[in-house]
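Contents: one structure, followed by commentary.
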Protein chains: 2
Amino acid sequence: MLELYYSKGSSAVAAHVLLEEVGATYEPIEVSIAKGEHRMPAFLRRNPKGRIPALGTAEGVISESPAILEYIAQSYPDAGVQPRGPFKQAQARSLCAYLCATAHVAFAHKHRGARWAVAEASLRDMQGRVAQNLSDCAAYLQKEAVASGPWAMGEQFTYCDPYLFQFSRWMEVAEVEIADFPKLQMHRDAMLARPATRKVLAMHGLI
Amino acid sequence: MLELYYSKGSSAVAAHVLLEEVGATYEPIEVSIAKGEHRMPAFLRRNPKGRIPALGTAEGVISESPAILEYIAQSYPDAGVQPRGPFKQAQARSLCAYLCATAHVAFAHKHRGARWAVAEASLRDMQGRVAQNLSDCAAYLQKEAVASGPWAMGEQFTYCDPYLFQFSRWMEVAEVEIADFPKLQMHRDAMLARPATRKVLAMHGLI
């Protein structure tokens, strides 16, 4: 059985929603970032990277959201959340890489600036840029990377959708107005209408 | 025919080496970051993100190294550079996501800190952390993520290897001593012994 290591309200929401969407049998295991449990030996033995989410499988643990999401999609082919054909698959991976390495990183400078600088003034400087950077990401996604709907890749609901939903949560925390980006708002609303999303948000104490 | 948009000495080296490894028919198209060509309309029409590398295909342009590398691997199945089985594939994607979103981002704070902060003092602060952060990445890769060789995933040469080689180039620029990480040094030496690597390094003016 799969195990999802998650912290409430973290970016693990994406993988969590996808597990529900595909009807996976899985055990959710809470690792509270607020309590520092991601830095404790019990979790580091499972994921030496100390990052959330992580997915326990019969063959070992997988970390990094793009890898976890596509693995879940591959593991439940009947759910049909894997894009079809090499080019669409590459576009999906490109979107996830952007969300992971540009958008999530832009957001991480809000609370995790100490990864990249030391002085308090530097951290404040970084924090001051977060809303603009996420707004730039949203503008790029709206104009170039997200289909006209209903889903990120077009007609097909894919493993990218819970991750794009996660992006809308980073926008919310950074106080970027989603109404300025109609495709992203439609996508968020469509995700919020799905039972899997509502179930996971409730488990994370977010609704 | 595939088109590789690259800037000399950039992280496009990874995709470039892989194209040579698989024996691809492709056109290398130079987009000089030093000359700001990645911000000019001719390139932005191809890749609105304005980032290098980008891969032109018959169906459209693919951006983000993890997506480009796996697409090349899928496009040339006879080259055998795609890991076998869903778990190994997930591990490869996890490694690439880490190189893209943690290691490359750590390196980017050396020259591209203005993405995340404004003040000169903040940029200097960031620059001062780069070598330590890349050293931490190297320690993680050495201990947890890279196989004992000869290649990143073990016996099989995969699309991850040119990307791990790229990481060794970031270490070099950041003056992190690779000899402290024997697996990474062995990997770098093994990559440097391959004709594809030497050909691409010569095209980029790096040897």
* Starting with the highest mean, order B:145-156, B:94-105 by the number of other Cβ atoms within 10 Å, averaged over the residues of each peptide. => B:94-105, B:145-156
* To do: Return the tail of the calculated pair distribution for segment A:86-194, meaning the percent of Cα-Cα pairs more than 19 Å apart.
  => 43 percent
* **Student exercise, segment A:107-173 dipole from Lys, Arg, Asp, Glu Cβ charges, in Debye to nearest 20** => 280 debye
* Tell me, what is the FRET efficiency for B:Glu177 and A:Lys8 to the nearest 0.05, using R0 = 45 angstrom and their Cβ-Cβ distance as r? -> 0.65
* Loss of accessible area when B meets A, both sides summed, Å² nearest 100, probe 1.4 Å -> 3500 Å²
* Structure fact -> Restricted to the protein assembly as shown, the DSSP antiparallel beta bridge percent, nearest 5, is 60 percent
* Taking the Cα centre of the protein assembly as shown as the origin, how large is its charge dipole in debye, to the nearest 20, when only Lys and Arg (+1) and Asp and Glu (-1) carry charge on their Cβ atoms? -> 540 debye
* Structure fact -> Inter-copy distances for B:Gln142, nm, shortest first, label points 7 Å along Cα→Cβ, are 4.7
* Listed residues A:Ala121, A:Ala138, A:Ala54: farthest to the positive end of the dipole of the protein assembly as shown (Cβ charges) -> A:Ala121
* Asked: Per residue, what accessible area does chain A have, given a 1.4 Å probe and all protein chains present, in Å²?
  -> 41 Å²
* For B:Lys110, list the aspartates and glutamates whose Cα falls under 18 Å from its own Cα; do not include residues on the same chain fewer than 8 positions away. => A:Asp125, B:Glu120, B:Asp125, B:Asp136, B:Glu172, B:Glu175, B:Glu177
* To do: Between B:Met1 and B:Glu144, with labels modelled 7 Å along Cα→Cβ, what's the label distance in nm to one decimal, could you check?
  => 4.4 nm
* With a 1.4 Å probe and every protein chain kept in, tell me what percent of the accessible surface of chain B is carbon plus sulfur. => 50 percent
* Where a ≥ b ≥ c are the square roots of the eigenvalues of the C-alpha gyration tensor, would you call the protein assembly as shown rounded, which needs a/c under 1.5, or, failing that, prolate if a/b is larger than b/c, or oblate? -> rounded
* Semi-axes, largest first, in whole Å: what does sqrt of 5 times each Cα gyration tensor eigenvalue give for chain A? -> 25, 24, 15
* **Position A:His111, label points 7 Å along Cα→Cβ, spacing to each other copy in nm (shortest first, one decimal)** => 3.3
* Asked: Over what distance in Å are the Cα centres of segment B:29-80 and segment A:47-107 separated?
  -> 21 Å
* Pairs A:Lys49/A:Lys88; A:Lys8/A:Lys199; B:Lys143/B:Lys183; A:Lys143/A:Lys183: which exceed 19 Å Cα-Cα? -> A:Lys49/A:Lys88
* Could you please state, rounded to a whole Å, how far the C-alpha centre of segment A:140-207 is from the C-alpha centre of segment B:145-194? => 37 Å
* To do: Starting from the Cα coordinates of segment A:19-71, work out the convex hull volume and express it per residue in Å³.
  => 90 Å³
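The values are calculated or read from the model by the stated rules, or taken from the named source; none is laboratory data. Keep in mind that what you see is a predicted model, and the values were worked out from it rather than measured. Neighbour counts run over all protein chains shown; Cβ positions are idealised from the backbone, glycine included. Surface accessibility is based on the protein's heavy atoms, side chains included, excluding ligands, DNA and RNA. Shrake-Rupley method; radii C 1.70, N 1.55, O 1.52, S 1.80 Å.
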